[in-house]
Structure formats: C-alpha cells, structure tokens
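In what follows, a structure is listed as structure tokens, so that the remarks can point back to it.
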Amino acid sequence: MSFQSLRHDTLIVLSDRRAVGLSLTFALFALMFFAVFSFLPVLLMERLRVTHQTAGLLSALVLVVNVIGNLATGMLLSRGLGRTALLTAACLVMGLAGSGIFLPVLPDTAAFALCLLFSAFGGVIPTILLSSAPVVAPAAGLVPVVLGLILQGNNLGQILGPTAIGAAQDRLGWEPAAYIVAAAAITAVILVRST
C-alpha cells in the first residue's frame with residue numbers, strides 16, 4: 001500500500017461522521033472505565049477497609065463481570081437488539097454507577113455492588129463499538145482503518161480518564177470523579193444518539 005493510498009483511505013474515514021463518532025464514543029467509554037479501574041484497588045481499600053490482597057481479589061471479580069457483559073452483548077446483538085439502545089443504556093448505567101461509586105453517599109457494600117454493575121455494563125460498549133466497524137466503514141477495505149480510528153479513541157480515553165481523576169482526587173478527594181464520569185456518560189449518550 002502506498003503512502004498516497006493510505007492518506008486517501010485515512011481522509012475518507014476521518015470525514016465519515018459515524019466512524020469518528022465511534023472513536024469519540026470509545027474515548028468517552030475508556031475515560032469512564034479507566035477512571036474507575038485505575039483506582040479501584042485503592043478505592044476498595046479506602047471504602048471497604050480491606051487489605052491489599054482482598055482488594056486485588058475483589059478487583060479481579062469486578063473484571064470477570066466485565067467479560068460476562070462482553071459475552072451477553074454478543075448474544076443480544078445476535079438476537080437483533082439495537083446498537084443505539086444498548087449503547088445508550090450502557091452509558092447511562094455506567095454514569096450513574098460511577099457516580100455512586102465515587103460519591104460517599106451509599107453504604108460500602110452498595111458501592112461495591114455498583115462496581116460490579118459498572119463493569120458488567122462496561123462490557124457492552126467495546127463489544128458494540130468494535131463490531132460496528134464493518135457496519136459504518138464507507139467500504140469493506142476501510143474496515144481496518146475504522147478499527148484503527150476506534151482504537152485511537154480508546155487510547156485517548158485511557159490517558160484522559162486516570163489523569164483527570166488523579167488530578168481531581170489529589171486536590172479535592174473522590175467526589176469530583178463522580179462528576180467527571182457522569183459528564184463523560186452524558187456526552188457519550190448525546191454522541192451515540194446523534195451519530
């Protein structure tokens with residue numbers, strides 16, 4: 001593949017509203033997901049007052065639930081459930097659960113249950129976004145370029161989420177993290193519904 005061909009394919013994908021929408025949605029998802037998961041062991045030790053070892057085991061359990069969300073989404077898509085509806089629901093649940101995880105208003109066990117819920121619905125979004133690449137690609141040969149763009153969104157969110165939460169937590173504690181996650185969820189819903 002020549003540079004000219006690569007440049008041409010990239011410009012076509014970057015001018016496609018749906019492909020860019022998938023990438024931005026993945027960035028917002030990754031921001032939410034890594035905002036919680038980058039700090040989950042520390043958060044569990046503080047909220048549940050558990051040891052490092054127990055926090056590690058609980059974090060592993062939360063990640064297993066994410067896999068269940070991935071698999072369940074594949075089944076739901078194969079049965080004809082709409083991508084937009086599933087994405088909207090998943091973003092809303094992640095936003096609400098993320099807020100409940102970071103705000104000190106719920107009992108500790110309820111906050112942990114929200115971690116499980118957040119993780120399960122967090123499994124929905126990447127499954128849909130990655131499987132949507134062939135649906136939105138302007139041509140079959142551009143599917144890899146669309147996937148690359150989607151993954152760049154993921155990379156951006158992985159940087160922004162922990163950085164924003166870490167900076168906010170250093171200055172003001174965990175509470176601002178709730179608002180960051182909620183804002184990302186609302187923005188993701190607006191994006192999903194408009195593309």
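Here is how the numbers come out for the structure above:
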| item | result |
| --- | --- |
| Meets criteria (surrounded by fewer than 19 Cβ atoms within 10 Å (Cβ to Cβ) and touching a residue at least 40 places away in the same chain (Cβ under 8 Å)) for Leu40 | no |
| Hits in the stretch 127-151 - residues which are part of a loop (DSSP other than H, G, I, E, B) and either farther than 15 Å from Leu11 by Cα or open to solvent by less than 30 Å² (accessible area, probe 1.4 Å) (or both) | Ser132, Ala137 |
| Answer from Leu92, Leu11 - the residue that is over 18 Å from Ser119 (Cα atoms), surrounded by fewer than 18 Cβ atoms within 10 Å (Cβ to Cβ) and not polar (S, T, N, Q) | Leu11 |
| Inter-residue pairs, beta-carbon under 7 Å, first assigned to a helix (DSSP H, G or I) and in the stretch 152-165, second open to solvent by 70 Å² or more (accessible area, probe 1.4 Å) and not small (Gly, Ala, Ser), 6+ apart | Gly153/Leu24 |
| Ile101 vs. criteria open to solvent by less than 60 Å² (accessible area, probe 1.4 Å), among the aliphatic types (A, V, I, L, M) and either modelled with pLDDT under 95 or touching a Phe, Trp or Tyr at 6+ places or on another chain (Cβ under 7 Å) (or both) | yes |
| Pair list, Cβ < 6 Å and 6+ apart or interchain, from the stretch 10-31 residues that are modelled with pLDDT of 95 or more to residues that are assigned to a helix (DSSP H, G or I) and of a type in the set (S, T, N, Q) | Phe26/Asn154; Leu28/Thr187; Ala30/Asn154; Ala30/Gln158 |
| Members of the stretch 113-126 that are open to solvent by less than 10 Å² (accessible area, probe 1.4 Å) and either within 15 Å of Ala35 (Cα to Cα) or not hydrophobic (A, V, I, L, M, F, W, C) (or both) | Cys115, Phe118, Ser119, Gly122, Gly123 |
| Near pairs, Cβ below 6 angstrom, 6+ apart or cross-chain, from the stretch 75-103 (without any contact (Cβ under 8 Å) to a residue 60 or more places away in the chain) to any residue that is part of a helix (DSSP H, G or I) and aromatic (Phe, Trp, Tyr) | Ala90/Phe121; Val93/Phe121; Ala97/Phe118 |
| Count - residues of the stretch 78-97 that are of a type in the set (D, E, K, R) and either within 11 Å of Arg193 (Cα to Cα) or touching a helix residue (DSSP H, G or I) at 6+ places or on another chain (Cβ under 6 Å) (or both) | 1 |
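The values are calculated or read from the model by the stated rules, or taken from the named source; none is laboratory data. Computed from a predicted model, the values in this text were never measured in an experiment. When we count neighbours, we look across all protein chains shown, and the Cβ atoms used for this are built from the backbone with ideal geometry, even at glycine. Ligands, DNA and RNA are stripped out before the accessible areas are found, and what is left, the full protein with its side chains, is counted by its heavy atoms. Shrake-Rupley method; radii C 1.70, N 1.55, O 1.52, S 1.80 Å.
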